[in-house]
1. Scan the stretch 92-103 and give yes if some residue there is modelled with pLDDT of 95 or more and assigned to a helix (DSSP H, G or I), otherwise no.
2. Consider only pairs whose beta carbons are under 9 Å apart and that are at least six residues apart or on different chains; among these, list those whose first residue lies in the stretch 121-146 and is under 16 Å from Ser107 (Cα atoms) and whose second residue is loosely packed, with under 10 Cβ neighbours inside 10 Å.
3. Are there any pairs with C-beta distances below 8 angstrom linking a residue in the stretch 330-356 that is of a type in the set (Gly, Ala, Ser) to a residue that is open to solvent by 60 Å² or more (accessible area, probe 1.4 Å) and in a loop (DSSP other than H, G, I, E, B), with the two at least 6 apart or on different chains, and if so which?
4. Please verify whether the stretch 139-151 includes one or more residues that are out of contact with any strand residue (DSSP E or B) (no Cβ under 9 Å at 6 or more places or on another chain), of a type in the set (Gly, Ala, Ser), over 25 Å from Ala53 (Cα atoms) and open to solvent by 90 Å² or more (accessible area, probe 1.4 Å).
5. Given the criterion modelled with pLDDT of 85 or more and open to solvent by 30 Å² or more (accessible area, probe 1.4 Å), identify the matching residue among Asp9, Asp80, Asp42, Asp75.
6. Might you let me know whether the stretch 341-364 holds any residue that is among the aliphatic types (A, V, I, L, M) and closer than 21 Å to Phe195 by Cα?
7. Here is a check on your reading of the model: is Pro178 touching a residue at least 60 places away in the same chain (Cβ under 8 Å) and over 24 Å from the mean Cα position of the chain (by Cα)?
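The values are calculated or read from the model by the stated rules, or taken from the named source; none is laboratory data. The structure displayed is predicted, hence computed values, not measured ones. Please note: Cβ atoms are built from the backbone with ideal geometry, for glycine as well, and neighbour counts cover all protein chains shown. Just the protein is used for accessible areas: all its heavy atoms, side chains included, with ligands, DNA and RNA removed. Shrake-Rupley method; radii C 1.70, N 1.55, O 1.52, S 1.80 Å.
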Amino acid sequence: MSLTWSAKDHKNANQSAATGQKRSRNDAGNKVTVVLGAQWGDEGKGKVVDLLATEADFVCRCQGGNNAGHTVVVDGKEYDFHLLPSGIINPKSVSLIGNGVCVFTSSRTGLRVCDLLGDFKDFSARFKNLVRQYQSMYPSLTVDVEDQLKKLKEYSERLRPMVRDGVYYMYEALHGPPKKILVEGANAALLDIDFGTYPFVTSSNCTVGGACTGLGIPPLNIGDVFGVAKAYTTRVGIGAFPTEQLNAVGELLQTRGHEVGVTTGRKRRCGWLDLVIVRYAHMINGFTAIALTKLDILDVLDEIKVGVAYKLNGKRIPHFPANMDVLQKVEVEYETFPGWKTDTSAARKWNDLPAKAQNYIRFIENHIGVPSMFDTE
């Protein structure tokens, strides 16, 4: 059998594809709004999600394990979430934990919720095999297998009414009546397993692709992507940190900002805002707006610096280094701004901010090419 293909056939195929693509885009359904970290985490994503969740029908965690920590304060009460979506406080929205929140072993022997809710005899056998596997690697590990299985059996019955097939559930939410769907990412761009500061990264994709793979939704349904960044920079643990301030400024930021890890309890390292990493995060995620948090922490400073470029051996480098040895050696080029020396903690609108604070934000917007959420309200 032979196949012939003429120029006319090619033209007709292109026209059909274009028509189908247009129809497909028009029938795409509801769009999701994604909230992602634009630095090394701890940017205040939970607070942003909590604010947006007041108008959301669904709030979904798409990736990251329980090493993520989001703090939300509501009516004076503090909540620290590790797996649950930050929007769970809103009684009007449905909260969903996606498949991407689970972390499996590399040997593909991990146990999933669908296994827990299946044949418990089979689950128990697999659980025992998993325990033996880990005990062979860690001989001092002791596990009361029967006690753990008893607890897991109880958990399975408590969880059963709340478990749905995520792909079908999200598909119905996307293609049913108009709904506002909010997606909460964990960690941040610079901790992404593929694009972060490897090897000091997490085990999942913390960038916009993680919303698709973690929830089983197509890229076509991604709407706004809000990047969250502090007005300065923090990082937990070791690894390169070009704008880190090992001085009185860093100590002031740490103290005023209460920079202590939600999950680890460790003090966070602090430094000036690094726009090289925020712009890099934008290149990967395509932010439609930036939520700038903790601006008020800078209120008392006489001058404020912003990292705008890296130099290596005295020459600007045009990209964010993938090699961490190189990142350790870069020199930061700064822009310096006068402090506004005014309390901005009560500011809720653009006009509430002093002119010098507005200039600081405008510079950030112009440098990365993304408006702040002040301009999208």
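1. No, the stretch 92-103 has no match at all.
2. Short answer, once both residue conditions are applied: Gln133/Ser107; Gln135/Thr142.
3. Gly339/Val300; Gly339/Asp302
4. Yes: the stretch 139-151 contains one or more residues that are out of contact with any strand residue (DSSP E or B) (no Cβ under 9 Å at 6 or more places or on another chain), of a type in the set (Gly, Ala, Ser), over 25 Å from Ala53 (Cα atoms) and open to solvent by 90 Å² or more (accessible area, probe 1.4 Å).
5. Asp42
6. no
7. Numbers: touching a residue at least 60 places away in the same chain (Cβ under 8 Å): yes; over 24 Å from the mean Cα position of the chain (by Cα): yes.
Yes, satisfied.
For (1) modelled with pLDDT of 95 or more; (2) over 25 Å from the mean Cα position of the chain (by Cα), each residue gets a yes or a no:
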site	(1), (2)
Glu146	yes, yes
Lys151	yes, yes
Met162	no, no
Val167	no, no
Glu172	yes, no
Glu184	no, no
Ala189	yes, no
Phe195	yes, no
